[in-house]
1. Having 2 or more residues that are farther than 30 Å from Gly65 by Cα, within 15 Å of the ligand (Cβ to nearest atom) and not assigned by TED's automatic domain parsing to the domain that holds Ala66 is the bar; report the helices (runs of 4 or more DSSP H) wholly within region 184-285 that clear it.
2. Pairs, please: C-beta under 6 Å, at least 6 apart or cross-chain, first residue within 14 Å of Pro43 (Cβ to Cβ) and in region 57-80, second of a type in the set (Lys, Arg)?
3. Please list, ordered by residue number, the helices (runs of 4 or more DSSP H) wholly in region 341-431 having 2 or more residues that are away from the ligand (no atom under 11 Å from the Cβ) and surrounded by fewer than 18 Cβ atoms within 10 Å (Cβ to Cβ).
4. Identify all residues within region 133-162 that are of a type in the set (D, E, K, R) and within 16 Å of the ligand (Cβ to nearest atom); write none if there are none.
5. Only residues that are more than 23 Å from Ala357 (Cα to Cα) and away from the ligand (no atom under 16 Å from the Cβ): list them for region 432-445, please.
6. Among Pro211, Pro251, which is in contact with a Pro (Cβ under 9 Å, 6 or more places away or on another chain) and crowded, with 21+ Cβ neighbours inside 10 Å?
7. I'd like the full set of residues that are over 27 Å from Val114 (Cα atoms) and not β-branched (Val, Ile, Thr), limited to region 343-381.
8. Considering only residues that are within 16 Å of the ligand (Cβ to nearest atom) and of a type in the set (Phe, Trp, Tyr), which ones fall in region 109-129?
Amino acid sequence: MTSLDGLLPRPVRVRPATGTYRFTSDRVPSHVSTVVSIDPAIPREGYRVSITPDGVTTAAADPAGAFHAETTLRQLLGPDAYRAANIHDGPWELPCGEIEDHPRFRWRGCLLDVARHFMPKAGVFRFLDLMAAHRLNVLHLHLTDDQGWRIEVPEYPRLTEVGSWRHGSWVGRQPDGTTEHDGRPHGGYYTTDDLREIVAYAADRHVTVVPEVDVPGHSQAAIAAYPWLGVTGAALEVRTGWGVSDNLLSPTDETLDFYRRVLTHVASVFPSEVICVGGDEVPVTQWEASPVARDRAAELGLPSVTGLHGWFVGRLSAHLATLGRRTLAWDEVLDTGEVARDTIVGAWRGEDLGVRAATAGHDVLMCPEQEVYLDHRQSDHPDEPIPVGFHRTLSDVYAYDPAPPTVPVERVLGAQAQVWTEHLDSQRRVDYAAFPRLAAFAEVVWSPPAGRSFAEFERRLDRHHLPRLDALGVEYRPRSGPHPWQTRPGVPGRVR
Ligand code: TNX
């Protein structure tokens, strides 16, 4: 056993897992975490905590396991341990007992779409605190899309000068599909130092930040900045509406070279082994009409321009490999020709795509929209804020199993919940969509299904966890439906 002393400074043992919370010196529970050691027999990220009247002893597999043990102690200390400042009178108490714990999956992710609606970095720090409090360990940052480019790239300043803001946004979606345009500029981006800070903040909480630069579709903000990246060369605006854009990147050497440079920069900022290049939703209408694209497909011996999708992603993936990184791409790449075997496939269109990718020998990340898209509505009641997507309740998310019997389980890295933000224009809206469903998801990826029940989860949620979220200031969806101020415009809130 190796001592972790030095890694976890003694007087503030509980602090790394407790976010901004500091125990003042007269309130440090004298018995908290008196001994922390490493035990290689414990499974990855796992820990064993023993609480007796004489003190707390923790053995952990690794530093992440020690962090998760602290998270457990914080849970046991109660909701006040989740507040930003100490309001607790009297001694902190921990129940005596033994806890042994380790995660089911190594990738317990959440995607945050900061492209559709920018989240200022303070909001990202808070989101990371919330993820870490739920033992989620991968933040997939969706940094570029048709509606915004959020990473400063020093070599290409127009990406942020032009691409980081738009003139307005569609608002809402009525049941008949209609939308309104708000006519209000929206934008923002992270500087290189901001992103380094986000990465470091995440690392302190044992969270890896996986950046995504989406190609060859979802690229209209980049094309608005540099029109020669596009197929038509026409001047475009950063997109103000949602849905899939026809504007694709041109499959030229110049465009590829541009993105290689962008990815080299991204890799210099994000130490993550995995980098996502998107690859989703690529309608090939423009390529079909483009002599440049058709000639390129012919020159490459591809049966149609559709193959350019896989080729484009494949070129960038090869570049990432030269930088020592692995590619994550959305599951459409399976339909577009040759995909390098070591590409991780994000199965979003359904579990069957994940099974297909795993069977073909890819590592997979389960992200099915039918189950774990948290932008989707939580009930069919008309007072839900924006009635988009599949109807996914808390119990549906809790019942999700990322490793169905048909999948070669050794290929499943884990699962990821997605917080797409077309309709989530503020932290308050993100809170409402994400919680408490993200808490259910966190349990799905951490604990094996045997021995869990929704009824018991509900009981723990109501009695213990919602009070913690309240103390953290999370504006989650109440279990009985939205507060009046959480409904959508024009709909009187349900009286609860
Ligand atoms: C599909 S999932 C998308 C996103 C949207 C989302 C909305 C995926 C890879 N593409 O661009 O935001 O649906 O639910």
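The values are calculated or read from the model by the stated rules, or taken from the named source; none is laboratory data. Fair warning: this is a prediction, and the values are worked out from it, not measured in the lab. Cβ coordinates were reconstructed from backbone atoms using ideal geometry, including for glycine residues, and neighbour counts include every protein chain displayed.
1. Passing ranges, in order: 220-225.
2. Final answer for the pair search is Ala59/Arg48; Ala61/Arg44; His68/Arg135.
3. Counting at least 2 such residues, we get 351-359, 394-399.
4. Asp145, Asp146, Arg150
5. Residues satisfying the conditions are Phe435, Pro436, Ala439, Ala440, Ala442, Glu443.
6. Sole residue among the options that is in contact with a Pro (Cβ under 9 Å, 6 or more places away or on another chain) and crowded, with 21+ Cβ neighbours inside 10 Å: Pro251.
7. Asp352, Arg356, Ala357, Ala358, Ala360, Gly361, His362, His381
8. Correct list: Phe118 only.
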